[in-house]
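Just so you know, all these numbers are worked out from the coordinates, no wet-lab data involved. Small disclaimer: the values here were computed from a predicted structure and weren't measured. We place every Cβ from the backbone using ideal geometry, glycine too, and count neighbours over all the protein chains shown.
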Amino acid sequence: MAIKQTIKRNGTPVDYDRDRIATAIFKAAASIDGTDRGESERLASLVEQRLEVMYGMDAPTVEDVQDVVETVLIEENHVNTSRAYITYRNQRTQRRGSRADLAASTFNNIPYKKIYDVLRWNLDHSCESVESINRIITGGGFSDLVVACEERYLGECRDAAANVLERIDDIRVIIVAGPSSSGKTTTTIKMMERLEQEGYAQKAINIDHYFFNLQDHPKDEFGDYDYETPQALDLDLINRHLGQLLAGEAIRTPHYDFQTGQRTLDVHELSLAPNEILLIDSLHGLYPAMTASVPDKNKFRLYIETLGQLRGENGEFMRWADHRLMRRMIRDSWHRNHTPEETITHWHYVRKSELQHIIPYNASADFLVNSAMPYEIPILKNKLFHYFPAAMEQFKTHAKRQDAYIRAKRVFELLSPLEVWADDVLVPSTSHLREFIGGSDYEY
């Protein structure tokens, strides 16, 4: 009897996946310089056979599976790999404990009410799953879904502006922060359109121009540069310029060329009139050191994230980071001269930085905007799906790129049963999706 499901540590049943076992074994082997993915898959097959004998129609727990993996590795004379696997397993256990401690100490960072509201909206509009979106597409209702999604998002941007107006006498700086490819720039524009209707002017400071020269960024073992850490930005210069602007002084910001990875100092002149609000659109806008020179009462902090609640065929929800990964794969290809495959391999930097430097500070936000729109996914699939099988093949046997393989496989499996929408004509020219796919009326 084939194993159908396993039981997660929280008691939730999930579909059994032998490839996950093979990947875990391969990662353990790679840590001691192993390179044979085929042997890892053979060992995973032996693990599966043992599980079928031991559990029959019952679903084993994750711990049960791991115990069998250790046994099979030893029986097949992979003693060193077994030791590496045990070490890896213990490290994962310790990290889960650390994350549990962090979750307990930052409970309010998790926007449970907002997530519930998103799910309820999706249910009300029958777009909560891949299956339901397929029905909308085949039933001719896709254009209506586009309109509904755009109206919901614009409404949240206007609500954010309303919150600013309540404190307008004190606010000098509006910070729009959030993880990569969440739609910060367009959100800033839309919120300010509403404030301008009320007679409040604004000036934007482009934090991207404050990157250090690329050769000064840290690199990993592959030679990849890290744009994602706040330490890649000249924080001292940012704070000095913020202080000067709020004091009524004129400054000259740097200019950063993403094509060459070089910056030039003292290029863009900028000043702030007494009645103008300064806008900061940055991944790390909530990072305390970014705006340490600005008093808290003079800041309005807006946090934006793709809080999508879209279930795949297996019943699991699409990861917010996977949604943003697809957006960034497209944008990087035309804005930063990166191939989609390069974006996938770079994403481990993105996630590491988000978890360390962005998400821990979202509780300090004054308002939260959800930028996920269910209609995006069929359009993104049309533009990106063909990259994922190639990425899976490319990274599957690469010992040090297993994170990229797992990520590509997960997105591929989510998108596989989804109908595509073959053009983006229905996407408004002022949509924040245009920030990533191009064709926007806004200048970025």
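Between the alpha-carbon centres of the range 197-248 and the range 20-80 there is a gap of 46 Å.
State the volume of the convex hull built on the alpha-carbon positions of the range 106-437, expressed per residue in Å³ and rounded to an integer. Each step should come with its number before you reach the end.
Values: hull volume 45.5 nm³, N = 332.
Given the Cα convex hull of the range 106-437, per-residue volume reads 137 Å³.
The separation of the range 295-319 from the range 377-444, counted between C-alpha centres, amounts to 19 Å. As an exercise, identify the chymotrypsin sites (Phe, Trp or Tyr not before Pro) in the range 164-244 lying in DSSP coil whose Cβ has no more than 15 other Cβ atoms within 10 Å. Counting only loop positions with at most 15 other Cβ atoms within 10 Å, the chymotrypsin sites (Phe, Trp or Tyr not before Pro) in the range 164-244 are Phe222. Across the chain, the relative contact order, built from alpha-carbon pairs under 8 Å that are at least six residues apart, equals 18 percent.
Quick check: residue separation of Ile168 and Asp36 times 0.36 nm, minus the Cα distance between them. What number comes out in nm? Please report the intermediate quantities before stating the final value.
Numbers: separation 132, 0.36 × 132 = 47.52 nm, distance 6.18 nm.
Gain on extension, Ile168 to Asp36, equals 41.3 nm.
Under the combined filter of DSSP loop state and at most 16 neighbouring Cβ atoms within 10 Å, the range 304-382 retains these GluC sites (Glu not before Pro): Glu313, Glu316.
Placing unit charges on the Cβ atoms of the charged side chains and taking the dipole of the chain about its Cα centre, the candidate lying farthest along the positive direction among Val267, Pro389, Asn77 is Asn77.
Summarised in one figure, the compactness ratio Rg/Rh of the range 1-87, Cα atoms and Kirkwood Rh, is 0.97.
What is the calculated FRET efficiency for Gln5 to His255, with r their C-beta to C-beta distance and R₀ = 60 Å, to the nearest 0.05?
Numbers: r = 55 Å, r/R0 = 0.91.
About 0.65, to the nearest 0.05.
Between Gln356 and Thr138, what FRET efficiency follows from the Cβ-Cβ distance if R0 is 56 Å, with the result rounded to 0.05?
Working: r = 43 Å, r/R0 = 0.77.
Result of the calculation: an efficiency of 0.85.
Other residues with beta-carbon under 11 Å from the beta-carbon of Ile207 carry, at +1 per Lys or Arg and -1 per Asp or Glu, a net charge of -2. What is the local net charge at His323, summed over the other residues whose Cβ is closer than 11 Å to its Cβ (Lys, Arg +1; Asp, Glu -1)? Spelling it out: positives minus negatives among the neighbours equals +1. In the chain, the DSSP beta bridges split such that about 40 percent are antiparallel, to the nearest 5. Taking Lys and Arg as +1 and Asp and Glu as -1, the other residues whose beta-carbon sits under 10 Å from that of Gln394 total 0.
On the basis of the beta-carbon distance and an R0 of 45 Å, Tyr444 and Tyr116 show a calculated FRET efficiency of 0.90.
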